[in-house]
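Below is one structure, written out as structure tokens, with a few remarks after it.
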Amino acid sequence: MSSAAGEIGTLLLVQLDKPAAGGNGAAPARLDLGRARRVVFTSFLGPACEGADIVLPALTPVESSGTRTTPDRRILCLNRAMAPAGASQAVWALAQALSNVMGQPWNFASEKDVFGAIRSEAAPYRAIEEIGPGGRAWDTTSLRSA
């Protein structure tokens, strides 16, 4: 992927995984971002932060409630398992602050507000009534987008 032709003005990276201790010896993949600005929301400093224009501290998945969509399109509802440490914030709150600064205001007060907005815009999520207790998964693999 290259932004040399100017297709990407700003790239937002959300990187919540801590790099494996010791690594596997493989070099991290590099993107040729040309002049694109990089904003990173992360819980751990790592390769994604190198050369970033802005790095903001994000909560880890165990420090925040909400939903996660897995690569196989299952929506997981998660409850916070431990109290946040330091100045980290939920990814949705960081994205909202960035959007507001960029002149595209969002007005979410909670994870439930964000999920409601996703449900109203993304067809596979419309069948899900509400965010329930943690550990529950909804299978969206059979739903078609509209």
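The values are calculated or read from the model by the stated rules, or taken from the named source; none is laboratory data. Given the structure is predicted, the values throughout are model-derived calculations rather than measurements. We place every Cβ from the backbone using ideal geometry, glycine too, and count neighbours over all the protein chains shown.
Structure notes:
- Unique residue being free of Cβ contacts under 8 Å to residues at least 12 places away in the same chain and not acidic (Asp, Glu) when the list is 68, 73: 68
- Check on residue 31, surrounded by 12 or more Cβ atoms within 10 Å (Cβ to Cβ), under 15 Å from residue 95 (Cα atoms) and modelled with pLDDT under 85: no
- Residues that are of a type in the set (D, E, K, R), under 16 Å from residue 41 (Cα atoms) and under 13 Å from the mean Cα position of the chain (by Cα) within the range 58-114 comprise just one, 68.
- Residues that are in contact (Cβ under 8 Å) with a residue 24 or more places away in the chain, in a loop (DSSP other than H, G, I, E, B) and farther than 12 Å from residue 58 by Cβ, drawn from the range 85-117: none
- Any chance residue 36 is over 17 Å from residue 92 (Cα atoms), aliphatic (A, V, I, L, M) and in contact (Cβ under 8 Å) with a residue 24 or more places away in the chain: yes
- Search result, residues across the range 50-64 that are under 8 Å from residue 90 (Cα atoms) and aliphatic (A, V, I, L, M): 58, 59
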